[in-house]
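One structure is given here, and the rest of the page talks about it.
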Amino acid sequence: MPNPHAHGYLVINKPPAADVTGLYPFPWAAGAIISNASDTATFYRALLSGRLLSPRMLHAMQTTHAQKHFDIPGQRYGLGLARYSTACGTAWGHNGAFPGYYAYNFTSTDGRRQAVLEVNADPTSVSKTTLLKSIRLLEKAYCTGV
């Protein structure tokens, strides 16, 4: 595995990984793509900087609606893309979950500012308080680069 610090990643308490591939296939789209934080950041940077879709298609993805059920207060959802309000402006991204981990990413409208949060824990075992603390950490990293 490459050195995560070489790319500006912050790794906290890195325990041994658990192989959960035997749980695949998983319902819905979760787990359909295997990626790491760098892959996720690369995808959203390309998407939001306009390198993957036409401006019309990206605009359609960014046309959002309020949600009844949300992870982050104020979150809005479009066509596979969520809009989050942060202390430093709008962030775009999406969450992901699979047995053994959950992930969130924030990317700016132009793709220049990013933060990715990956947590090795089953999302159903994490309290709402812990989830909100991890989202605050993600927002801090997104807004300050820390």
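The values are calculated or read from the model by the stated rules, or taken from the named source; none is laboratory data. Because the structure is a prediction, the values reported are computed rather than measured. Positions of Cβ are backbone-derived with ideal geometry, glycine not excepted, and every protein chain shown enters the neighbour counts.
Details
- Thr107 meets all of the listed conditions (1) surrounded by fewer than 19 Cβ atoms within 10 Å (Cβ to Cβ); (2) at pLDDT 95 or above; (3) under 17 Å from Lys140 (Cα atoms) but one, namely (1).
- Filtering Ala115, Ala97, Ala103 for residues that are within 12 Å of Thr40 (Cβ to Cβ), out of contact with any Phe, Trp or Tyr (no Cβ under 7 Å at 6 or more places or on another chain) and touching a residue at least 24 places away in the same chain (Cβ under 8 Å) leaves a single hit, Ala103.
- Restricting attention to the range 76-104, the residues that are surrounded by fewer than 20 Cβ atoms within 10 Å (Cβ to Cβ), modelled with pLDDT under 90 and of a type in the set (Ser, Thr, Tyr) add up to 1.
- Looking across the range 44-63, just one residue is over 23 Å from Tyr102 (Cα atoms), surrounded by 15 or more Cβ atoms within 10 Å (Cβ to Cβ) and free of Cβ contacts under 8 Å to residues at least 24 places away in the same chain, and that is Leu58.
- Set Ala103, Ala121: member being under 19 Å from Asn36 (Cα atoms) and part of a strand (DSSP E or B): Ala103
- Some residue of the range 124-143 being in a loop (DSSP other than H, G, I, E, B), more than 13 Å from the chain's Cα centre (by Cα) and more than 25 Å from Ile34 (Cβ to Cβ): yes
- Tally of residues being charged (D, E, K, R) and touching a Lys or Arg at 6+ places or on another chain (Cβ under 9 Å) across the range 111-138: 1
- Residues within the range 64-91 that are free of Cβ contacts under 8 Å to residues at least 40 places away in the same chain, small (Gly, Ala, Ser) and within 23 Å of Gly145 (Cβ to Cβ), tallied: 4
- Listed conditions (1) modelled with pLDDT under 90; (2) surrounded by 15 or more Cβ atoms within 10 Å (Cβ to Cβ) are all met by Ala41, apart from (1).
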